[in-house]
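What follows is a short report on a single structure.
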Amino acid sequence: MLMNDDVYEHISTPYELLVSKEDYTNNIPAVLAEIADFTNKDVVDLGAGTGRLTCMAASSCNSIVAVDAAANMLKVTASKLAAMGLRNWKTSVADLRQIPLEDQSADMIIAGWSICYMSSSGNQDWQENLNQVMKEIDRVLRPGGTVIILETMGTGNTVPTPPDYLIPYFKRLEEQYGFAHKAIRTDYKFDSVEQAEQLCRDFFGDELGDRIKGEKTNIVPECTGIWWRNKSV
């Protein structure tokens, strides 16, 4: 996780390359299918980035709106969806605390690796930010709808080891907002050791980059947390 989310406006291409290497065993789509059925649903992807989760859901859902603060990221999302030959989507540049959608307009809301940037404990207003996002999710979600949140539980770790600055946010999801939770492995598989080292060094820091270089591995472990909740009818 990059601590400065503003940088995503400028790094859409290397970021897309990085995330394309994660979860090479396809655990994320498997667990999403266990939690909810996207078929014929109206879906919103909050913090869509370059469309990783958007593209997973788009082929089976009725409609999907990809929301992100970074316009350059959404351009990548749009190009990927267009290449899939789909027409059931749109993108929207917006703050997750002010979702530009009507009340009760979505059956499902997904948010992958995005809410963390405004809800980490290093942010002075993190609790209010999280509360505002939760209010917006509840406003947009239809009764009986499902919200699913994905966040990192540790890059370079074989067991869930969440960053200290995310632990209060994760606890609040479970204890205050009533989310169920599980953690899965979503390891990266890079094309080469050199690619693994460079991308991980750029995004996650020198410590991980040095470790990859020393171990000479193109497989980098990653743990991902998944939280979900159904809105009462």
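The values are calculated or read from the model by the stated rules, or taken from the named source; none is laboratory data. Note that the structure is predicted; figures quoted are calculated from it, not measured. We place every Cβ from the backbone using ideal geometry, glycine too, and count neighbours over all the protein chains shown.
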Of the residues in the stretch 76-103 that are touching a helix residue (DSSP H, G or I) at 6+ places or on another chain (Cβ under 7 Å) and charged (D, E, K, R), the one that is surrounded by the fewest Cβ atoms within 10 Å (Cβ to Cβ) is ASP103
Out of the stretch 9-48, which residues are charged (D, E, K, R) and farther than 20 Å from SER92 by Cα? LYS21, GLU22, ASP23, GLU34, ASP37
Residue ID - surrounded by the fewest Cβ atoms within 10 Å (Cβ to Cβ), chosen from residues in the stretch 149-184 that are in contact with a helix residue (DSSP H, G or I) (Cβ under 6 Å, 6 or more places away or on another chain) and within 21 Å of PHE38 (Cβ to Cβ): HIS181
Go through the stretch 39-69 and give me each residue that's in a loop (DSSP other than H, G, I, E, B) and surrounded by fewer than 21 Cβ atoms within 10 Å (Cβ to Cβ). THR39, ASN40, LYS41, SER59, SER60, ASN62, ALA69
Hey, among the residues in the stretch 16-32 that are at pLDDT 95 or above and among the charged types (D, E, K, R), which one's farthest from the chain's Cα centre (by Cα)? LYS21
What are the residues in the stretch 186-233 that are under 28 Å from ALA30 (Cβ atoms), surrounded by fewer than 16 Cβ atoms within 10 Å (Cβ to Cβ) and modelled with pLDDT under 95, if any? SER232, VAL233
Quick one: is THR13 modelled with pLDDT of 95 or more, over 22 Å from ALA180 (Cβ atoms), among the polar types (S, T, N, Q) and part of a helix (DSSP H, G or I)? no
Taking helices (runs of 4 or more DSSP H) that do not extend beyond the stretch 83-185, which have at least 3 residues that are of a type in the set (A, V, I, L, M), modelled with pLDDT of 95 or more and under 19 Å from LEU46 (Cα atoms)? 126-140
Of residues in the stretch 104-139 being touching a strand residue (DSSP E or B) at 6+ places or on another chain (Cβ under 8 Å) and farther than 27 Å from ASP23 by Cβ, the one surrounded by the fewest Cβ atoms within 10 Å (Cβ to Cβ): GLN104
How many residues are among the charged types (D, E, K, R), under 17 Å from the mean Cα position of the chain (by Cα) and farther than 22 Å from ILE99 by Cα if we restrict to the stretch 33-49? 0
Which count do you get for residues in the stretch 146-167 that are among the charged types (D, E, K, R) and touching a strand residue (DSSP E or B) at 6+ places or on another chain (Cβ under 6 Å)? 1
